[in-house]
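J.: Shown below is the structure under consideration.
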Amino acid sequence: IDNLLDFMLEKAKIDLRACGLEQDKILHVRAYHIGAIRDLKGDGNYTAVDDGIRLRGSIGSAIRGTGAAFSVVPTRSIHLLHSTTAADIDTTITKGFIAMQILALDAVHMETELWIHS
């Protein structure tokens with residue numbers, strides 16, 4: 001999982017650079033993971049399968065030195081947004097087991113832009 005998180009963070013850094021932001025502008029990293037699965041009994045209940053301890057440790061290691069905060073959010077399922085039809089939603093290609101959300105902000109630039117345009 002460490003390699004996957006490193007890969008995801010590197011891709012995010014590339015996207016940030018394309019927006020004119022660097023790694024030091026990352027404020028928060030939120031990782032969503034599958035923390036429960038539906039019971040096979042068919043009663044609609046869910047069973048906790050992962051409390052995110054390993055993921056929490058991996059993210060902490062991956063963002064060490066950036067000053068960014070991080071949180072781990074357990075979910076029942078993750079559906080990717082590239083699917084546009086209802087029939088695609090239940091296929092395995094649209095499901096993931098981890099998703100990442102990154103909040104980055106250049107506060108000085110934002111404040112300057114607000115001042116200029118006010």
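The values are calculated or read from the model by the stated rules, or taken from the named source; none is laboratory data. Predicted model only: the values in this text are computed from it and were never measured. Surface accessibility is based on the protein's heavy atoms, side chains included, excluding ligands, DNA and RNA. Shrake-Rupley method; radii C 1.70, N 1.55, O 1.52, S 1.80 Å.
J.: How much length is gained on full extension from ILE14 to ALA36, taking 0.36 nm per residue of separation minus their Cα-Cα distance?
T.: That pair, ILE14 and ALA36, stretches by 4.7 nm at full extension.
J.: Could you order SER61, SER71 by accessible surface area, starting with the largest, using a probe radius of 1.4 Å?
T.: Highest to lowest solvent-accessible surface, that is SER61, SER71.
J.: For ASP6 and PHE97 in the same chain, what is the full-extension length gain: residue separation times 0.36 nm, less their Cα-Cα distance, in nm?
T.: 31.2 nm
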